[in-house]
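Q: Pasting in a structure now, in structure tokens, and then I'll have a few things to ask.
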Amino acid sequence: MEHTILGLTEAQIAGFGLSFGVGAFMVYMLFIIGQLAWESKAGRFGTFVLFLGLGFGMVGFVAKFVIQWLIGRH
């Protein structure tokens, strides 16, 4: 017998938080990187380097969801 909170199991709540919660946090991080580039007057190349360096960690997280989606299709 699984316990539920508002009709959702613990696994469903964790899955929602992992996909939407972390996704929202990633969008907020992009805003922070853009604000950092704007305030430092980094220019085009500097902004590119900031987004590449600081945002590169997000690529793995997004790739995980894409790979899971591709595997789940078959």
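Q: The list (1) 113; (2) 100; (3) 87 gives values of volume of the Cα convex hull per residue in Å³, and only one came from this structure; which label was calculated from it?
A: (1)
Q: HN-Hα J couplings of the stretch 57-64 from phi, Karplus 6.51/-1.76/1.60, θ = phi - 60°, integer Hz, Gly and Pro as x?
A: Each residue of the stretch 57-64 in turn: x, 6, 4, x, 5, 5, 4, 4 Hz.
Q: With n ≥ 4 as the cut-off for DSSP H runs, can you work out [θ] at 222 nm for the chain, using -39500 (n - 2.57) per run divided by the number of residues, rounded to the nearest 500?
A: After summing the helix terms and dividing by residue count, I get -26000 deg cm²/dmol.
Any read-out appearing in this document is the output of simple, stated calculations on the displayed coordinates, not a laboratory observation. This is a predicted model, so every value here is computed, not measured.
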